[in-house]
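What follows is one structure encoded as structure tokens, with my remarks underneath.
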Amino acid sequence: MSADMQREFANREALIAYLAQQFPQAAAAADEVPPVPGGRRAAEARLKQITPGKAYSASRNYLNGAVSRLSPYLRHGVLSLAEVRDAALEQAADPAEVEKFINELAWRDYWQRVYRAMGDGIWEDVEAYKTGYAAAEYAADLPEDVAAGRTGLACMDAFSRDLRETGYLHNHARMWLAAYLIHWRRVRWQAGARWFLTHLLDGDPASNNLSWQWVGSTFSSKPYYFNREALEKFTDGRYCRACPLYRTQRCPFEGSYEALAERLFPYAEVAAEAAPPPRKKR
Amino acid sequence: MQTILWIHGDNLSPQNPVFQAAPGAPAIFVWDEALLRDWHISLKRIVFMYECLLELPVTIRRGEVAREVVAFAHEHAARRILTADSPAPLHRRLCRQMSQHMPSGSRLEILHETSFVDVPGNIDLKRFSRYWQSVKKRALNP
Ligand SMILES: Cc1cc2nc3c(=O)[nH]c(=O)nc-3n(C[C@H](O)[C@H](O)[C@H](O)COP(=O)(O)OP(=O)(O)OC[C@H]3O[C@@H](n4cnc5c(N)ncnc54)[C@H](O)[C@@H]3O)c2cc1C
């Protein structure tokens, strides 16, 4: 039997110092502290501020959009999906006004159900990649430059730093970073999924691994990818403006969806068909 | 019957069904040393969870989860362990280990929180769109 861990702290700094000393391996790997506090009180305060109606559905795909940022509290059951849904419905005269938000909550419920059915199988490719490449053609490990935020791509390096420093990334940033790793760097999704789980405050094997598989195409009918124009639009251009690769016309994300598909998936059956429509963001 | 509560990282709420089922019963949370190591969990995640724990009436320990929980039950002469459900296979393994190491006549009960939506047992989980089609109405009109 181990000793009780401490429960009384003078302040947050004292708590953090105590935990860094208790868990030196975790602190050595990444010693950043969370920008948002844990706990039910903080969760309820956040819940009071959500705008799940039109503000959400119109802006959620933008990096500065009106998303709820409830994910760490939902992940750890500090709030339940049912009570967040009920709070959203209270703000609506008609449930249809908050349907998009509730649909996103449903993604979490769905992944949890799949997890219950698949168990540790969520670490395996659910299906084969539809990229024209076999799993063995993907690298097993996370490239050092991506982990360190030193690829030279202003967007990806910022996402990598944000992930490490804040433990949070906007959904769109997660999708782009995952697509970059899997499709441009040809790294197995599992390497990226492990990296995310180390850092995300909402890191959840089900939502995380299955979303990675969705991007990779091992749990969807085609790979998710994006182009520079889309990224520029949903980030208000802030990364492209700061990016040396864009200025020198060496951005690897530049091009139409058709041209990118030919470059990224030259052997894929879907890509060989006449121009597939750009993958719709869910 | 004397009861203890096992609180885990998927249910760190004071509204946790186990607190409601046995108010005032001794509760324990155990940091799983193996899991922290294997998953390279970063300090910020630990701090976040610890802040959640500090708002709960719970004893915090670290080590091997099943062993620590059973020892805690023993300390309190408890024959009943209550815990909240989780989809994680690790949760099932830990429950099994606990059951094996509890004295005979003891029991472990798993409680469920209000679900987001009740779904038929045979629901199609192959793609989200199929799942959403079958639950949408109830999800929007609970
Ligand atoms: C590669 C990748 C990895 C991801 N890993 C995780 C993860 O580890 N944990 C996690 O909770 N989410 C994960 N997501 C889903 C999603 O990005 C986050 O839930 C969302 O960005 C959290 O921000 P928010 O709370 O402001 O979301 P909001 O848009 O405000 O949504 C409200 C809540 O709905 C749920 N939700 C929303 N979108 C999704 C989604 N696509 N899948 C599952 N749940 C969703 C979350 O619980 C979220 O808090 C991942 C997505 C991708 C593409």
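Computed from the coordinates by the stated procedures, all read-outs in this text should not be read as laboratory data. For clarity, every value in this text was computed on a predicted model and none was experimentally measured. Reconstructed Cβ throughout: ideal geometry from the backbone, glycine too, with neighbour counts over all protein chains shown.
General remarks:
- Packing-based ranking, highest mean first, of A:97-107, A:181-191 given that Cβ atoms within 10 Å are counted: A:181-191, A:97-107
- Candidates B:Val70, B:Val47, B:Val18: whichever shows maximal mean-square fluctuation once chain B is modelled as a Gaussian network with Cα springs under 10 Å: B:Val47
- Take each residue of peptide B:81-91, count the partner chain Cβ atoms within 10 Å of its Cβ, and average: the result is 3.
- Of all DSSP beta bridges in the protein assembly as shown, antiparallel share, percent nearest 5: 0 percent
- Positive-pole candidate from A:Phe196, A:Val126, B:His76, dipole of the protein assembly as shown, charges at beta carbon: A:Val126
- Radius of gyration, Dmax [the protein assembly as shown; alpha carbons; angstrom]: 22.4, 73
- Think of each Lys and Arg Cβ as +1 and each Asp and Glu Cβ as -1; about the Cα centre, that makes the dipole of region B:38-126 roughly 340 debye.
- Per-peptide average of other Cβ atoms within 10 Å, ordering A:134-140, A:116-122 highest first: A:116-122, A:134-140
- Treating each Cα of region A:135-273 as one equal point scatterer and applying the Debye formula with no solvent, the log10 of I(q)/I(0) at q = 0.12 Å⁻¹ comes out as -0.46.
- Per-peptide packing, taken as the mean over residues of other Cβ atoms within 10 Å, places A:194-203, A:12-21 in the sequence A:194-203, A:12-21 from highest down.
- Of A:Lys54/A:Lys233; A:Lys48/B:Lys136; A:Lys54/B:Lys136; A:Lys100/B:Lys137; A:Lys48/B:Lys44; A:Lys233/B:Lys137, pairs whose Cα-Cα distance is over 22 Å: A:Lys48/B:Lys136; A:Lys48/B:Lys44; A:Lys233/B:Lys137
- Magnitude of the charge dipole, the protein assembly as shown, Cβ model with Lys/Arg +1 and Asp/Glu -1, debye to 20: 580 debye
- Using alpha-carbon coordinates, inclination of helix A:205-216 to the longest axis of chain A, degrees: 10 degrees
- Summing charges over all other residues whose Cβ lies under 12 Å from the Cβ of B:Leu90, with Lys and Arg as +1 and Asp and Glu as -1, gives -1.
- Positive dipole terminus of region A:19-119, leading residue within A:Ala28, A:Pro72, A:Leu47 (C-beta point charges): A:Ala28
- Percent breakdown of C-alpha pair distances by 5 Å bin, ordered from the shortest bin, for region A:19-119: 2, 11, 18, 18, 18, 13, 10, 5, 3, 1, 0
- Taking θ as phi - 60° and the Karplus parameters 6.51, -1.76 and 1.60, the scalar couplings of region B:77-85 work out to 6, 9, 10, 9, 10, 10, 9, 8, 5 Hz in sequence order, x denoting glycine and proline.
- Computed from Cα positions, the angle between helix B:128-140 and the longest principal axis of chain B comes to roughly 80 degrees.
- Within-11-Å neighbourhood charge of A:Pro252 [Cβ basis; K, R +1; D, E -1]: +3
- Debye-sum result for region B:44-142 in log10 I(q)/I(0), which assumes one identical scatterer on each alpha carbon, at q = 0.16, 0.23 Å⁻¹: -0.90, -1.22
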